[in-house]
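Taking it in order: structure first as structure tokens, then the write-up.
The values are calculated or read from the model by the stated rules, or taken from the named source; none is laboratory data. Because the structure is predicted, anything quoted here is derived from the model rather than measured. Neighbour counts run over all protein chains shown; Cβ positions are idealised from the backbone, glycine included.
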Amino acid sequence: MEVEKRKIEIEKKDNEIIYSKAIKAGKRIYYLDVKKSRNDDMFLAITESKKKVMGYDEDAQVTYEKHKIFLYKEDFDKFLEGMQDVVGFIKREQGETPQREYKPIEKTDKDLIVEDEVSEVEDTKSKSFFDKFKF
């Protein structure tokens, strides 16, 4: 019984999101979730969620196709360097893309509370990993 409780606690901790940012882009939503590993190291879970509609009108069925990658702090700099390189290549080859206007995702009270807590912490730290991106 005690072992089962411990397993459930560990699973809850594994799924706990410390900070999250959702980016709505057309039919896709990208979730950038900061989580903690079992040894309390933070990592980034990037999830792409794409809405799929099958059928028409009343017979339509909506599903979400999800893809996820995990990015660990020791890889942030190399990942960022690679992203800047490929984005720069695309911009040089195809030119700048006109910026689309996306509707912001409505936030719940819980999201606002978490943002307030995170902004207090961010005030004391340097810019985050994603602040380096210039698209």
Filter result for the condition that a residue is exposed (fewer than 12 other Cβ atoms within 10 Å of the Cβ) and at pLDDT 90 or above, over Lys127, Lys68: Lys68
Residue within region 89-106 that is surrounded by 12 or more Cβ atoms within 10 Å (Cβ to Cβ), at pLDDT 95 or above and over 21 Å from Arg28 (Cα atoms) present: no
Members of region 44-79 found to be under 18 Å from Ala22 (Cα atoms) and hydroxyl-bearing (Ser, Thr, Tyr), listed by number: Thr47, Ser49, Tyr64
